[in-house]
Each structure stands twice: as structure tokens, then as C-alpha cells.
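K.L.:
Please read through the structure below; I'll follow up with questions.
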Amino acid sequence: MPAAQVARVRAELNTHPAGRALERILLGLGRIELVDRSMTLAAQLFTSVLPVIMAASVLVDSTALRETLLDPFGVDPNSFVQDGFEVTSEAAAFGAVGLLMVLISGTSFARALGRVYGKIWATPVLRLSHAWRWCAVLLLVATSALATGLIHQLGSPILAVVAQWCTWVCVWTACPALLTSGLVPIRVLIGTGVLTATLLTAVSIGGRVVLPPVTASSEAHFGTLGIVFTMVGYLFVAALVLVASPVIVQSLIGDALIAGNDSDDAERRTY
């Protein structure tokens, strides 16, 4: 778009409060590099959070866990299990060790999410001495994924949606609070949690309608790899929500520069 047209559009937007808000949101999404950040987060969700859930499945009822994860995609959990498989004490011991190893390496998701928040809110990056916050965020996200799957086994769909929304409000208020160490105003954190939970709930409801036929088609063409493609695509949509929600909230109700820092340098500082 020519510079003259861009200037006219921005001038038109600035004549209305809603237009100014929209301009701030669009500028914020452009500044944060929405697609690139979301792709990074989606990859980290797939390589960091899912392995934590899979490792935990050795320690508890693996059948129930597989059902909660695969049900939205319309996939038969038994197709992923070999005949005669059972959880032995040796497998449980290996699962405990594997879970610890996955937790250590899986903090890359929390670190990537922290960099997103640092860019949006101009907060410094956590140092190694705050590594427990990364682990806490990883466990929160993994636990909420399992919890929301189990919630959908409730008898009432409306109750399940409400319980899922409440769970995600708590999780996505707590995660940015942990990763920014209290440098972000509580109203911004709560707004982020509410908007993230609302959009994720909408994605979840839409996914339960769209995903089964899409997954079936992908599986028919590419086999098990097609299911993986569908999962990655779904995680990318969820990552878009995780990145866009704090940007929108910051544009609407946030302070111009939280903690008095320059957002261009936020990712390079630690505390």
C-alpha cells in the first residue's frame, strides 16, 4: 500500500476512539511479529508441553490421558497403543525419570513465552535464578491441557465450557504474572487472562466441530503424519491467541511503558 494511502487511513482512524484503538492494536501486532512469534510458540508447545503430558501418562491412567488429548481430533486412542501394553513398575520408574528430563528441557516453551511478554510489556528477561518460574509455567500449561480434556467428560456441555473458561482464566492470568515477576499491573494481567481464556474457549469449541473431519481427511491422505500436521496447525491457532491477547489488552488498557523500560531492549535485559 502506498505511503499516501497509509497516511490517509491512519488519519481516518485517528478521528474515532475505536479507530485509534484499532490502530494501536494493529501496530502492536505488527511490532510483536505475530506470525513469527506464534510459529515459535506452536513449535515449543509441540516439542515441550506435549512431551510432558506424554511422560506423565506413564505415571497415571494413560488411557484416560490419551482420550482427553485425542478426543477433540476424532482419533481413536487405541490406534496409538500396541497390543499387550501395560504400565509396569519399571515403566513407571522410567516415566518418572523421563518426566524430570522433559521438564528440564521443556522450559524452552516458558522461556519463549517470557520473551513474548517481555517484548509486549517491556519487562526484563528472567535469569537462571528464577528458573522455578519457567517450570511452574510449564506445569501449569500442561496440567490445564489435561484438566480441560477431563472437564469435557462432564455430563453437561455448558458446565464443561464454563469450567474450562474459568480454568484458563486462572492459568493465563498466572503465567504472565510468573514470567514478569509482578512488574505488570494486575488489571492488565486479569484482562489478559480473561481475553486469552475467551478466545481459547472459542477455538476449542470450533475445533471440536472442525477438527474431526479435517483430521480424518489428513489421516486418509498422509496416515499418522496427517494427524500430526493437524495437531501442529491447531497449536498454531492456539499460539496466535496467546500472542495476540496480551497485545490487544496492552493496547486497550495497558500503560504505555510498563516498568519504564524501552520495549526494543526488553528481551536483552535480565533480572
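K.L.:
Could you please give the count of residues in segment 193-203 that are among the β-branched types (Val, Ile, Thr), at pLDDT 95 or above and either more than 19 Å from Ala160 (Cβ to Cβ) or within 12 Å of the chain's Cα centre (by Cα) (or both)? Give the derivation first.
P.N.:
Initially, segment 193-203 is screened for residues among the β-branched types (Val, Ile, Thr), giving 194, 196, 198, 201, 203.
Cutting the leftovers down to at pLDDT 95 or above gives us 194, 196, 198.
Subset that is either more than 19 Å from Ala160 (Cβ to Cβ) or within 12 Å of the chain's Cα centre (by Cα) (or both): 196.
Qualifying residue count for the region: 1.
K.L.:
Related question: In this structure, does Leu146 turn out to be open to solvent by 10 Å² or more (accessible area, probe 1.4 Å) and not in a helix (DSSP H, G or I)? Talk me through it step by step, then tell me what you get.
P.N.:
On the way: open to solvent by 10 Å² or more (accessible area, probe 1.4 Å): yes; not in a helix (DSSP H, G or I): no.
Taking the combined requirement at face value, the residue does not satisfy it.
K.L.:
Among the residues in segment 180-188, are any open to solvent by less than 30 Å² (accessible area, probe 1.4 Å) and not in a helix (DSSP H, G or I)? Let's see the steps before the verdict.
P.N.:
Looking only at segment 180-188, we keep the residues that are open to solvent by less than 30 Å² (accessible area, probe 1.4 Å), and these are 180, 184, 188.
Now narrow it down to the ones that are not in a helix (DSSP H, G or I): 184.
There is at least one residue in segment 180-188 that is open to solvent by less than 30 Å² (accessible area, probe 1.4 Å) and not in a helix (DSSP H, G or I).
K.L.:
Across segment 125-143, what is the total count of residues that are over 29 Å from Gln164 (Cβ atoms) and either assigned to a helix (DSSP H, G or I) or open to solvent by 60 Å² or more (accessible area, probe 1.4 Å) (or both)?
P.N.:
Here the count works out to 5.
K.L.:
Also: When the residues of segment 204-231 are narrowed to those that are open to solvent by 60 Å² or more (accessible area, probe 1.4 Å) and among the aliphatic types (A, V, I, L, M), which ends up modelled with the lowest pLDDT?
P.N.:
My answer is Leu225.
K.L.:
So Ser263 passes all but one of these: (1) open to solvent by less than 60 Å² (accessible area, probe 1.4 Å); (2) in a helix (DSSP H, G or I); (3) modelled with pLDDT under 90. Which condition number does it fail?
P.N.:
(2)
K.L.:
Here is a further query. Mind telling me which of the residues Ile158, Ile151 ends up being surrounded by fewer than 20 Cβ atoms within 10 Å (Cβ to Cβ) and out of contact with any helix residue (DSSP H, G or I) (no Cβ under 6 Å at 6 or more places or on another chain)? Don't jump to the end; show me each part of the working.
P.N.:
Details: Ile151 fails: out of contact with any helix residue (DSSP H, G or I) (no Cβ under 6 Å at 6 or more places or on another chain).
The match here is Ile158.
The values are calculated or read from the model by the stated rules, or taken from the named source; none is laboratory data. Please read these numbers as outputs of a predicted model, since none were measured by experiment. As a convention, Cβ positions derive from the backbone with ideal geometry for all residues, glycine included, and neighbour counts pool all protein chains shown. Heads up: the accessible areas ignore ligands, DNA and RNA and are worked out on the full protein's heavy atoms, side chains in. Shrake-Rupley method; radii C 1.70, N 1.55, O 1.52, S 1.80 Å.
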